[in-house]
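Working notes, structure below.
The values are calculated or read from the model by the stated rules, or taken from the named source; none is laboratory data. Being a predicted model, the structure only gives us computed values, none of them experimental. Heads up, the Cβs are rebuilt from the backbone with ideal geometry, glycines too, and the neighbour counts pull from every protein chain shown.
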């Protein structure tokens, strides 16, 4: 997911937006991502403060284990010679993406249903464009 945002990062900057990644990853993962593929700010939320602030729900262990969509995404990744690393957050955490205004208001929130459930950069870009258009209408 972060690599996909790296490819549209400049485009988002030109709209006046910014990409900030927040993950429950370990510090060694953040250092690796920052050094290899992420051209934007990356923060580690080990205490899950951001997750709580955005009111992301948590999943039960059975929901995590029996998530067929997550298993199918895992199989696709395996077929592409990618592998899941050690889960560094908590199994009950779900992935998510938020579009936040400059004032700190959450304008749009995608709460994933399982591991790897993220919207495409095009979907997020559409929400960002919608937010910009709405702000421009409000200024008039």
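Checking residue 107 against (1) surrounded by 12 or more Cβ atoms within 10 Å (Cβ to Cβ); (2) at pLDDT below 80; (3) not in a helix (DSSP H, G or I), only one condition comes out false. Which one?
(2)
Please enumerate the residues belonging to the range 33-50 that are at pLDDT 75 or above and part of a helix (DSSP H, G or I).
35, 49, 50
Working only within the range 9-23, note down all residues that are surrounded by fewer than 16 Cβ atoms within 10 Å (Cβ to Cβ) and in contact with a helix residue (DSSP H, G or I) (Cβ under 9 Å, 6 or more places away or on another chain).
11, 15, 16, 18
Please state which one of 21, 98 is outside any loop (DSSP other than H, G, I, E, B), closer than 17 Å to residue 6 by Cα, under 13 Å from the mean Cα position of the chain (by Cα) and at pLDDT 80 or above.
Sole residue among the options that is outside any loop (DSSP other than H, G, I, E, B), closer than 17 Å to residue 6 by Cα, under 13 Å from the mean Cα position of the chain (by Cα) and at pLDDT 80 or above: 98.
Of the residues in the range 110-140, how many are assigned to a loop (DSSP other than H, G, I, E, B) and either under 22 Å from residue 6 (Cα atoms) or in contact with a helix residue (DSSP H, G or I) (Cβ under 6 Å, 6 or more places away or on another chain) (or both)?
Looking only at that region, the number is 8.
Just checking, which of 70, 30 is in a helix (DSSP H, G or I), touching a strand residue (DSSP E or B) at 6+ places or on another chain (Cβ under 6 Å) and at pLDDT below 75?
30
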